[in-house]
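S.K.: Just dropping this structure here.
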Amino acid sequence: MSINNNLKKIKENIPKEVTFVAVSKTKSTEKILEAYNSGQRNFGENKVQELTEKYSILPKDINWHMIGHLQTNKVKFIAPFISLIHSVDSFKLLNEINKRGFQNNRVINCLIQVHIAKEKTKFGFEINEVQDIIKESKKLDNINVKGLMGMATFTDNTDQINYEFSNINSLYNKIKTKNINILSIGMSSDYSLAINNGSNMIRVGSAIFGKRK
Ligand SMILES: *Cc1c(COP(=O)(O)O)cnc(C)c1O
């Protein structure tokens, strides 16, 4: 199936209020343009260098999402243009983003990454730490925490995935306000489960662009 058809199929499957981020990591600018030309504007990348290269080449009305682990020393490269950073996983990173936001005279939108999976290797705050970091972020003028991001355990066990998504959704419902209104959960294999658990932003890669090498 073509990129265009894949996009169409997914859009037919999700409610209109769900924002759909096309995860283009490792994929060529030609493929991104193909999605762009069928109307897609939100794209997600997980590596700073790849992201900045693609940003410099591709149309400027793309909304770029940083979805991967972000090192503090690389924030400066994306601060001028990034639309949403999904992966805030430390106080140090939060402060660095704020500082670079100030230098660029902008307020940078962020999500707090929450560790919901069983795997220990995945980044993110524990559920019981999230309210503290949100409180802390309110003292910072150049950062705008818009909500939460999470990744479920890599498994076929839908009960497990549902359990993890429902945990982050309960937390989201506790902290939700007029400004804090994004729950970014769901990837190619589990976006339907995520939407059933309150997701309003999904990050889908391989179901659009095909498998990555
Ligand atoms: C790669 C990636 C995705 C997309 O994964 P697919 O299975 O290809 O849809 C979503 N979120 C994050 C954080 C990723 O790194």
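S.K.: Are any of the residues in region 182-189 closer than 17 Å to V114 by Cβ and more than 17 Å from the chain's Cα centre (by Cα)?
M.R.: Scanning region 182-189 turns up no residue that is closer than 17 Å to V114 by Cβ and more than 17 Å from the chain's Cα centre (by Cα).
S.K.: Given the conditions (1) open to solvent by less than 40 Å² (accessible area, probe 1.4 Å); (2) farther than 19 Å from I208 by Cα; (3) in contact (Cβ under 8 Å) with a residue 60 or more places away in the chain, report the number of the one that S24 does not fulfil.
M.R.: (2)
S.K.: Could we say that S83 is open to solvent by 10 Å² or more (accessible area, probe 1.4 Å) and within 17 Å of the chain's Cα centre (by Cα) here?
M.R.: In short, yes.
S.K.: Being in a helix (DSSP H, G or I) and touching a strand residue (DSSP E or B) at 6+ places or on another chain (Cβ under 6 Å) is the filter; apply it to region 33-54 and report the residue that is farthest from G205 (Cα to Cα).
M.R.: Only one residue tops the list, namely L51.
S.K.: Another question, if that's okay. Just for region 68-82: of the residues that are in a helix (DSSP H, G or I) and not aliphatic (A, V, I, L, M), which one is nearest to M149 (Cα to Cα)?
M.R.: My answer is T72.
S.K.: Another one. Can you tell me which of L111, L93 is within 16 Å of the ligand (Cβ to nearest atom) and assigned to a helix (DSSP H, G or I)?
M.R.: L93
S.K.: Filter region 186-213 for residues that are near the ligand (Cβ under 9 Å from one of its atoms) and either at pLDDT below 95 or of a type in the set (V, I, T) (or both) and give the result.
M.R.: I202, V204, I208, K211, R212 - these are the residues of region 186-213 that are near the ligand (Cβ under 9 Å from one of its atoms) and either at pLDDT below 95 or of a type in the set (V, I, T) (or both).
S.K.: Also, quick follow-up: Are there any pairs, at least 6 apart or on different chains, whose C-beta atoms fall under 8 Å, with the first in region 187-213 and more than 16 Å from A152 (Cα to Cα) and the second open to solvent by 10 Å² or more (accessible area, probe 1.4 Å) and of a type in the set (D, E, K, R), and if so, which?
M.R.: S206/R212; F209/K27; F209/K31; R212/K25; R212/K27
S.K.: Can you name the number of the only condition in (1) surrounded by fewer than 16 Cβ atoms within 10 Å (Cβ to Cβ); (2) polar (S, T, N, Q); (3) under 17 Å from the mean Cα position of the chain (by Cα) that S56 fails?
M.R.: Status for S56: all satisfied but (3).
S.K.: Right, something else. Does N105 satisfy being surrounded by fewer than 17 Cβ atoms within 10 Å (Cβ to Cβ) and under 22 Å from K74 (Cα atoms)?
M.R.: yes
S.K.: Give me the residue from region 170-194 that is buried (at least 21 other Cβ atoms within 10 Å of the Cβ) and out of contact with any helix residue (DSSP H, G or I) (no Cβ under 7 Å at 6 or more places or on another chain) and, out of that set, nearest to I127 (Cα to Cα).
M.R.: If we take residues in region 170-194 being buried (at least 21 other Cβ atoms within 10 Å of the Cβ) and out of contact with any helix residue (DSSP H, G or I) (no Cβ under 7 Å at 6 or more places or on another chain), then Y172 is nearest to I127 (Cα to Cα).
The values are calculated or read from the model by the stated rules, or taken from the named source; none is laboratory data. Fair warning: this is a prediction, and the values are worked out from it, not measured in the lab. Cβ coordinates were reconstructed from backbone atoms using ideal geometry, including for glycine residues, and neighbour counts include every protein chain displayed. Remember, those area values only see protein heavy atoms, side chains included, never the ligands or the DNA or RNA. Shrake-Rupley method; radii C 1.70, N 1.55, O 1.52, S 1.80 Å.
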